[in-house]
Amino acid sequence: MKKLSFIFIIILLTSFSIKTFAQEKSAHNPIIYADVPDESMIRVGDTYYMSSTTMHMSPGVPIMKSKDLVNWQIVSYAYDTLANVDALNLVNGKSSYGRGSWASSLRYHDGTYYVSTFAQTTGKTYIYSTKNIEKGPWKESSFRPSFHDNSLFFDNDGRIYMIYGAGKLHLVELKKDLSGVKEGSDRVLIENASAPAGSNIMLGAEGSQLFKVNGKYYLFNITWPRGGMRTVVIHRADKITGPYEGKLGLQDKGVAQGGLIDTPDGRWFAYLFQDHGSVGRIPYLVPVKWENGWPVLGVNGKVPDVLPGLPANKSLIPGIVNSDDFNRSKGEAALPLVWQWNHNPDNKLWSVAQRKGYLRLTTGRVDTSFLMARNTLTQRTIGPVCSGATSLDVSNMKEGDFAGLALLQKKYGLVGVKFKNSGKSIVMVSAESGEPVEITSIPLNQKTVYLKAECDFRNRTDKAHFFYSLDGKSWKSIGAQLQMQYTIPQFMGYRFGLFNYATQNPGGYVDFDYFHISEQISAKN
């Protein structure tokens, strides 16, 4: 009897080990534990490309590449700057937080890649095109008005369309040269696209993405019933002009907005995102089966945690975020693609060449607040936990300057060096209340200081802590814990930021020796 029990235990353990090993070898959701919202995805041969939203950041509309649908790297941006206007330049008291360019549509047609997007800031619709999606160059075409959450579509008969809108969806036909809309072509496509999710709707169906599969047109949208969660609705038709019939596509974990992608061997998935607290909106993959001419999302209607048949997720470092020692070889880009500026930068006031191996940020004007200061250089935070650290030479600051490391959102946190009253201090500032408050100030009597911020997104804890060091080895906590919060005015997950701005006298500068990002935080946090 004991022998049988022992054998039974061995079988159980072996089964558990096999299952655990299989899970480790398979992909898991989320696919990317970082702010990559409003995805649009295509497959060209055996390579996948994805565009996303970064709104007020420059460069904008990141393009990411994958060979397996799971592990992605940033390979390009559709534009360096969206437009040269006050709100995007952070001048004259104007900003474009939460606006800039929104949801994009990525397409491949006759050897050319296209990305369409739109901007409330400028009131325009944009279409960017290139023959080489990874190296560019990109050609811009823009026109009015700004078509909300548009889906660009090239039909088999050579005609080009856009579907756009929220709740009530419209169809327009574009001119062949993509310079604008064919006059008289705008029509209501679906009067109430939210209807499959019920009548009590908080967010009207938007985020349109149109696909053609086996001769039928499939339109994906996101909607949000009041008191419920983000929901996928799907419509289909035999003609692009309709009529469309709709059904509820997925209602689980708030995972929604996206579309369809297939693999070279014939499998289908839906790519979607989930609101995940202060880290942002994070991508998920959901298996799709076809039944009676409809895509059926999920496993028994649920979003699975594990995705058998897809390879395991690798680190988001270096594909989505990465450390940077600011050493550049001849021919290398001044900044790797993981970096984006908060709004349009003033390119005269930053350099990685003036001091070899350092990023120099020089002040060019007087600012009254961190959020309105130009030339903050940013990267995403990543989950479930992460830390960002930097070394800062403050020898050449001027009276009134403030420089350091940020966690950027409306309710931001800063650790840095202030030069005031002829002396320098290490300070921690918290805007958790909605207004910046200097929590701690410690005198600094040396030219180099080391700064670190740690983020804990586990179980949506959304807590951050700040540290400083005088030798780069022994770290001390500073200030207060920051309760991070995703806010709609910025509409973006928290980002690490390197900053320097003047409050009295422009012309000072600081040198950042490195930025190191890690997937670990202190044990006590």
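A few points about this structure:
- Karplus-derived 3J(HN,Hα) values for segment 199-205, using 6.51 cos²θ - 1.76 cosθ + 1.60 with θ = phi - 60°, are 9, 9, 9, 8, 10, x, 3 Hz; glycine and proline are entered as x.
- Degrees, to the nearest 10: 2-25 long Cα axis against longest axis of the chain: 80 degrees
- Every Cα-Cα pair in segment 181-295 was counted, and those over 26 Å apart are 21% of them.
- Ellipticity estimate at 222 nm from DSSP helix runs (n ≥ 4, -39,500 (n - 2.57)) divided over the chain, nearest 500: -1500 deg cm²/dmol
- Calculated Cα extents along the principal axes in Å (choose from [x] 68, 59, 42; [y] 84, 74, 49; [z] 85, 62, 46), label: [y]
- Computed on segment 95-245, the Cα convex hull volume stands at 132 Å³ per residue.
- Our summary gives segment 345-394 a relative contact order of 29 percent, counting only alpha carbon pairs under 8 angstrom and 6 or more residues apart.
- Cα centroid separation, segment 274-335 to segment 65-128 (Å): 19 Å
- Amide H contacts of residue 503 (H built 1.01 Å from N, in plane; Pro and chain starts excluded): 367, 401, 402 sit under 5 Å, all sequence-distant by 5 or more or on other chains.
- Dipole size of segment 419-525 about its Cα centre, with +1 on Lys/Arg Cβ and -1 on Asp/Glu Cβ: approximately 180 debye, rounded to the nearest 20.
- Look at the dipole of the chain built from charges on Cβ: of 287, 132, 221, the Cα furthest out on the positive end belongs to 287.
- Where Rh is the Kirkwood radius over Cα pairs, Rg/Rh for segment 455-525: 1.00
- When the surface is traced with a 1.4 Å probe over the full set of protein chains, residue 456 keeps roughly 20 Å² accessible.
- Kirkwood's formula applied to the C-alpha pairs of segment 280-438 gives a hydrodynamic radius of 19.3 angstrom.
- For residue 411, the lysines whose Cα comes closer than 19 Å to its Cα, not counting residues fewer than 8 places off in the same chain, are 94, 452, 463.
- Overall form of segment 237-352 per C-alpha gyration tensor (a/c, 1.5; a/b vs b/c): prolate
- Among the trypsin sites (Lys or Arg not before Pro) found in segment 64-148, those both in a DSSP coil and sparsely packed, with 12 or fewer other Cβ atoms within 10 Å of their Cβ, are 67, 131, 135.
- With a simple spin-label model that places each label point 7 Å from the Cα along the Cα-to-Cβ direction, the separation between residue 177 and residue 488 comes to 4.1 nm.
- Dimensions of segment 97-156 based on its C-alpha atoms, expressed as ranges along the principal axes with the largest first, amount to 33, 27, 17 Å.
- Size of charge dipole - the chain - debye, nearest 20, with Cβ of Lys, Arg +1 and Asp, Glu -1, no other charges: 540 debye
- Seen from residue 389, the other residues with C-beta closer than 10 Å to its C-beta sum to a net charge of 0, counting Lys and Arg as +1 and Asp and Glu as -1.
- Segment 446-494 versus segment 139-196: alpha-carbon centroid distance in Å: 43 Å
- Range of Cα positions in segment 358-399 per principal axis (Å), largest first: 38, 23, 15
- Segment 54-146 - percent of accessible surface contributed by carbon and sulfur, probe 1.4 Å: 43 percent
- Normalised by 2.2 N^0.38 Å, with N the number of residues, the alpha-carbon radius of gyration of segment 368-440 equals 1.14.
- What segment 269-414 shows is 36 Å² of accessible area per residue, with the surface traced by a 1.4 Å probe over protein heavy atoms.
- Taking the chain and dividing mean pair separation by its residue count, relative contact order in percent (alpha carbons under 8 Å, at least six apart): 14 percent
- Taking the Cα centre of segment 148-291 as reference, the dipole from Cβ charges on Lys and Arg (+1) and Asp and Glu (-1) amounts to some 160 debye.
- Distance in nm between pseudo-label sites at residue 131 and residue 369 (7 Å out along the Cβ direction from Cα): 4.8 nm
- Taking a quarter of the surface of the Cα convex hull of segment 176-221 gives a mean projected area of 5.0 nm².
- Within the accessible surface of segment 165-270, defined with a 1.4 Å probe on protein heavy atoms only, the carbon and sulfur portion equals 48 percent.
- Residue among 111, 84, 50 farthest towards the positive dipole end of the chain, charges placed on Cβ: 50
- The slack in the chain from residue 202 to residue 516, taken as 0.36 nm per residue of separation less the alpha-carbon distance, amounts to 108.9 nm.
The values are calculated or read from the model by the stated rules, or taken from the named source; none is laboratory data. If you're wondering where the values come from, they're calculated on a predicted model, not measured in any experiment. Backbone-built Cβ (ideal geometry, glycine too); neighbour counts: all protein chains shown. The accessibility values were calculated without ligands, DNA or RNA, using every heavy atom of the protein model including side chains. Shrake-Rupley method; radii C 1.70, N 1.55, O 1.52, S 1.80 Å.
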